[in-house]
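Remarks on the structure that follows.
The values are calculated or read from the model by the stated rules, or taken from the named source; none is laboratory data. Just so we're clear, the structure is a prediction, and the values are computed from it rather than from any experiment. Virtual Cβ from ideal backbone geometry, glycine too; neighbours counted across all protein chains shown. Protein only, heavy atoms only, side chains kept; ligands, DNA and RNA dropped before computing areas. Shrake-Rupley method; radii C 1.70, N 1.55, O 1.52, S 1.80 Å.
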Amino acid sequence: MILEAVKADITKIDYVDAIVNAANESLLGGGGVDGAVHRAAGSKLLEECRTLHGCPTGEAKITKGYDLPVGYVIHTVGPIWHGGSWDEERLLSSCYYNSLKIAADRGFTSVAFPSISTGVYGYPVEKAAKTAVSTVLDFASKEPGSVEKVIWACFDDRTLAAYQAEIDLQKGTI
Ligand code: AR6
């Protein structure tokens, strides 16, 4: 498994099979990365999302990418941070695991994630990065040979530094 953190607008990434959207349970759009994904994909994305009837926190659903440079968007709903005692870590981990499961089932080999939950939803970025990287490595050990490359598209330097540090730390342990 190749893990990379890059500073990028995820809607511009054109070299993966799918990008992941940090959505809300309605799947009908919002601000942050969700707003950017819907703007870049065009109104057909919202039309398809309406047919999905929402998505519970921690789960994921797939749509086409429409006007995006990638073919597919995997929409997942991260937890809102309430201090850490409300199952946030397990739910964030589920977002990554379920998104990768969908990707693997479709035969995708590369996926780009945003920093799920660390914007409007308030999850501390260092904690989120730890859970994100460990879940991806756990997935790779359970489903070897499926998804080969995972990229985090980070919007700012602090987020990039957090994911880069976790990748360096956890890659050293396997
Ligand atoms: N590319 C990559 N990262 C981005 C982009 C982009 N174009 N735009 C923002 N980010 P957020 P959440 C970063 O708030 O915390 C929405 O309204 C951002 O700087 O997008 O999971 C949904 O509808 C931050 O580092 O997602 C939900 O209601 C990260 O993406 C809610 O926000 C996540 O920030 C979800 O909140």
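Just a few scattered comments:
- Cut-off 14 Å between beta-carbons: net charge of the residues surrounding G58, Lys and Arg +1, Asp and Glu -1: -2
- For segment 151-159, 3J(HN,Hα) per residue [Karplus equation, 6.51 cos²θ - 1.76 cosθ + 1.60, θ = phi - 60°, Hz, x = Gly/Pro]: 10, 9, 8, 9, 8, 9, 5, 5, 5
- Carbon and sulfur %, accessible surface of the chain computed with the full protein complex present, 1.4 Å: 52 percent
- Once the Cα-Cα distance is subtracted from the 0.36 nm per residue extended length, the A161 to E126 segment shows a gain of 11.7 nm.
- The spacing between segment 50-87 and segment 131-159, judged by their C-alpha centroids, is 16 Å.
- Each residue of segment 50-66 is assigned a 3J(HN,Hα), and the resulting list reads 4, 7, 8, 6, x, 7, x, 4, x, 9, 8, 9, 10, 9, 6, x, 6 Hz, derived from the Karplus form 6.51 cos²θ - 1.76 cosθ + 1.60 (θ = phi - 60°), x at Gly and Pro.
- Over the chain, DSSP H runs of length four or greater, each weighted -39,500 (n - 2.57), average out per residue to a 222 nm ellipticity of -12500 deg cm²/dmol.
- With 30 Å as the limit on Cα-Cα distance, the pairs of K44/K127; K101/K127; K44/K130; K64/K171; K61/K130 that go past it are K44/K127; K44/K130; K64/K171.
- Long-range HN-HN contacts of K64 with modeled amide H, under 5 Å: V73
- Think of each Lys and Arg Cβ as +1 and each Asp and Glu Cβ as -1; about the Cα centre, that makes the dipole of segment 1-113 roughly 200 debye.
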